[in-house]
Amino acid sequence: MTACQHATLAGQDSKSTPACEGRHITAENYIPGSYKKFFASQLQRLEELGIDISGRPISHLAYRTETYDDYLAVRNRIEKCCRANVENVWNSRPISKLLLTEPLELGAGFSTELIELIPPAHQDQYRMGYEHVGVVIGDTVDDFCQHHRAALSGQQHQSAVCEPYFTRFDDLTMVKFYRYSLLEVCIREGQVFDGFYHVKDW
């Protein structure tokens, strides 16, 4: 099963797209927690490691919930300012990629258009709340990470098109370095962001 396994419409419930109603409503009203503080902290840590991501696109922010009920509540809240989602089963539990209506400003000239929402962990060693930042390096990702190998913790092999390198910090948060953004990974794996679909029977 790939990181963004194609989920057919037959295996999901669909619903109409929830839109931001009124110009005064922005994504900041719906994104949980201090995402700007989290991003600033990860950026500072990278700078201390000598890793410069200036000008690099931010693939996504990843947010973990402690319970499945929390997952549903956060998912429903974020979807109010999204234009589409992908939800599939990964490691025996649903996981969502939420495509925002407008980019979310993170500070320092960075933004992202995707939130990865992850329900309770299948393993113990994960950080709840904001867990990682995804950075798009592109086709030079192998050379980039070879250059910074002393600062990296490892590489994940999630699918043929999703093999991010990562550095993990003492608080269990991470920064991951991708060849393709998570949005592009999903598209390359056959997913289509054309509405809202939820895995059934969870």
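For every residue, the table says whether it meets (1) surrounded by 15 or more Cβ atoms within 10 Å (Cβ to Cβ); (2) assigned to a helix (DSSP H, G or I); (3) small (Gly, Ala, Ser).
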site: Glu66; (1), (2), (3): no, no, no
site: Val74; (1), (2), (3): yes, yes, no
site: Leu98; (1), (2), (3): yes, no, no
site: Thr101; (1), (2), (3): yes, no, no
site: Leu106; (1), (2), (3): yes, no, no
site: Arg127; (1), (2), (3): yes, no, no
site: Gly138; (1), (2), (3): no, no, yes
site: Ala150; (1), (2), (3): no, yes, yes
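So how many residues does segment 152-179 have that are among the hydrophobic types (A, V, I, L, M, F, W, C), farther than 23 Å from Glu47 by Cα, out of contact with any Asp or Glu (no Cβ under 7 Å at 6 or more places or on another chain) and in a loop (DSSP other than H, G, I, E, B)?
The initial filter retains those residues of segment 152-179 that are among the hydrophobic types (A, V, I, L, M, F, W, C), namely 152, 160-162, 166, 169, 172, 174-175, 177.
Then drop every residue that is not farther than 23 Å from Glu47 by Cα, which leaves 160-162.
Within this subset, residues satisfying the condition of being out of contact with any Asp or Glu (no Cβ under 7 Å at 6 or more places or on another chain) are 160, 162.
Pick out the ones that are also in a loop (DSSP other than H, G, I, E, B) and you get 160.
Total satisfying the criteria: 1.
Just to check your reading of the model, which residue among Ser111, Ser96, Ser59 is out of contact with any helix residue (DSSP H, G or I) (no Cβ under 9 Å at 6 or more places or on another chain), within 20 Å of Ile187 (Cβ to Cβ) and either at pLDDT below 95 or not aromatic (Phe, Trp, Tyr) (or both)?
Ser111
Residue under question is Gly190, and the condition is that it be farther than 21 Å from Phe39 by Cβ and in contact (Cβ under 8 Å) with a residue 40 or more places away in the chain; does it hold? Explain how you work it out, then say what you get.
Working: farther than 21 Å from Phe39 by Cβ: yes; in contact (Cβ under 8 Å) with a residue 40 or more places away in the chain: yes.
So Gly190 passes the test.
Checking the condition among the β-branched types (Val, Ile, Thr) and under 15 Å from the mean Cα position of the chain (by Cα), which residue from Val161, Val141, Val136 passes?
The conditions single out Val136.
If you go through segment 152-164 one residue at a time, how many are under 19 Å from Leu114 (Cα atoms) and either touching a strand residue (DSSP E or B) at 6+ places or on another chain (Cβ under 8 Å) or crowded, with 20+ Cβ neighbours inside 10 Å (or both)?
So the answer is 3.
The values are calculated or read from the model by the stated rules, or taken from the named source; none is laboratory data. For clarity, every value in this text was computed on a predicted model and none was experimentally measured. Glycine also receives a Cβ, built like all others from the backbone with ideal geometry; neighbour counts cover every protein chain displayed.
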